[in-house]
Structure formats: structure tokens, C-alpha cells
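Novice: Supplied in C-alpha cells, the structure appears directly below.
Readers should treat all values here as calculations from the given coordinates under stated rules, not as data from a laboratory. A quick note: this is a predicted structure, and the numbers were derived from the prediction, not measured. Using ideal geometry, Cβ is built from the backbone for each residue, glycine included, and neighbour counts are taken over all protein chains shown.
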Amino acid sequence: MKNLIIVLLLIGSSAQAYAQDVFFKAKLDAEEVPAAIVEAVEKDFPGFSVTEYAAIPLEVVDEEVFVDTTKKPGSEYDTYQLVLTQGNDRYLDATYKVDGELLSTVEHLKNVTPPARVRNSVAEMYPGWTIEKDAFKMVHYEGKKAKERYKLVLGKDDKKMKVFTDENGKILKVS
């Protein structure tokens, strides 16, 4: 009985997470995005192509962010999220206010060589393991310091593991 309850909770949680993603993000065509945002993206990210436009019903009040669940499709939005790409291995999510002000970015890179301090830290913690795959993620919020994260897939013999580090090589998680 206990296992059944746990399984039902997990199914309910995953369904709710999926529903929130769909509900709180309205995909848009390029023509529906305010001109101020289009101009800002061209200035902020030259050389990138926009592959997806979305409106998100966020309200910023006194530096607090609130999700406005009363917004319906076709409403006026104050916040927009764009997915931009550059080549096959680099993409980022950029969130803008309606006036073109950049709020945050999350940048993703694949197949990058991690800095020496990250490689050395992982080699010291896991001798004999080699980096088979790597990915980089940088999160930046307006007015705050960017956070860099590396995801490394290590291999040794027939074993594999994922190691997550910060930009200084500090091990954050191992799975």
C-alpha cells in the first residue's frame, strides 16, 4: 500500500510539472513578439538565430517574481523567453521584459574543453577515469554574478558516471 501511494505521488508530480510547463509558457510566432525585444536580441546576441519565441506570465513587483496564472492565451505579456542557437553545439534561453530589457540568460554548450582547474580537480578526485563527454551551462541574472556549471561524463573500464562541478572545479554532485 505504501509503495502504491508513493507511485501515485510520483505520477501526479510529473503530470503537474508537465502541465505547469505547458500552461505557463505560450509559444508565439515572431510577429507576435514586441519590436523592442527583437531589436534587443539583435544587439545583445549578434550571430545567433532565434528558434523559439514564448511569452511567460511573470510579474516583477519590488524585485519579486510572481507567476500570473490568470493570463489567458492572446493576453498582453510583460515577459518573453527566446531560445537562440549558434551552430549545433551552442544554445541559450534569454528572458526579456516587454521593453527589451534582458532579465536573464541560461547558456548551454556541448563538447567544450573544461578549464584546467576543473579537469585537474576531477582527475584528482577520480584517478584513472577519463572525460568522455562534457557540457557547459552558465546562468546569469540581471545584476548578479554569472554561475558556471560543468557536466562531465567520466568513464573507466565499462563504468560511467556523471560529475557536476562549478567553474573552480568544486564537485557539486555525482551520479
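Novice: Given a cut-off of 12 Å, what percent of all Cα-Cα pairs of region 121-168 lie beyond it?
Specialist: Result: 64 percent of Cα pairs exceed 12 Å.
Novice: OK, next. Only Cα pairs under 8 Å and at least 6 apart count here; give the relative contact order of region 68-175 as a rounded whole percent.
Specialist: 18
Novice: Full extension from D89 to D158: what is 0.36 nm times the residue separation minus their Cα-Cα distance, to one decimal in nm?
Specialist: 22.2 nm
Novice: Looking at this model, which pairs from K145/K173; K110/K160; K43/K151; K110/K144 are more than 27 angstrom apart at the alpha-carbon?
Specialist: K43/K151
Novice: Separate question: In the neighborhood of V139, defined by Cβ-to-Cβ distances under 11 Å, what is the net charge if each Lys or Arg adds +1 and each Asp or Glu adds -1?
Specialist: +2
Novice: Taking 0.36 nm per residue of sequence separation and subtracting the Cα-Cα distance, how much length would be gained by fully extending the chain between E142 and A123, in nm to one decimal?
Specialist: My answer for the length gained is 3.4 nm.
Novice: Show me the GluC sites (Glu not before Pro) within region 86-128 that DSSP assigns to loop and that have at most 15 other Cβ atoms within 10 Å of their Cβ.
Specialist: Passing sites in region 86-128 are E101.
Novice: Also: So what are the ³J(HN,Hα) numbers for region 144-154, from phi and the Karplus equation (6.51, -1.76, 1.60; θ = phi - 60°), rounded to whole Hz, Gly and Pro as x?
Specialist: 3J(HN,Hα) across region 144-154, in whole Hz: 10, 6, 5, 10, 9, 9, 10, 10, 10, 9, 9.
Novice: Let me ask something additional. Counting other C-beta atoms within 10 Å, and keeping those with at most 12, which DSSP coil trypsin sites (Lys or Arg not before Pro) do you find in region 78-175?
Specialist: K144, K145, K170
Novice: May I ask you to compute the full-extension gain from S104 to A36, defined as 0.36 nm times their residue separation minus their alpha-carbon distance, rounded to one decimal in nm?
Specialist: 22.9 nm
Novice: Which whole-Hz ³J(HN,Hα) couplings does region 167-173 yield from phi under the Karplus relation 6.51 cos²θ - 1.76 cosθ + 1.60, θ = phi - 60°, glycine and proline marked x?
Specialist: With coefficients 6.51, -1.76 and 1.60, one gets 5, 9, x, 5, 6, 9, 6 Hz.
Novice: Rounded to whole Hz and in sequence order, give me ³J(HN,Hα) for region 155-166 from the Karplus expression 6.51 cos²θ - 1.76 cosθ + 1.60, θ = phi - 60°, writing x for Gly and Pro.
Specialist: x, 7, 6, 9, 9, 9, 8, 9, 10, 10, 10, 8
Novice: In addition: Considering only the other residues whose Cβ falls under 13 Å of the Cβ of Y126, what net charge follows from Lys and Arg at +1 and Asp and Glu at -1?
Specialist: Summing Lys and Arg as +1 and Asp and Glu as -1 gives +2.
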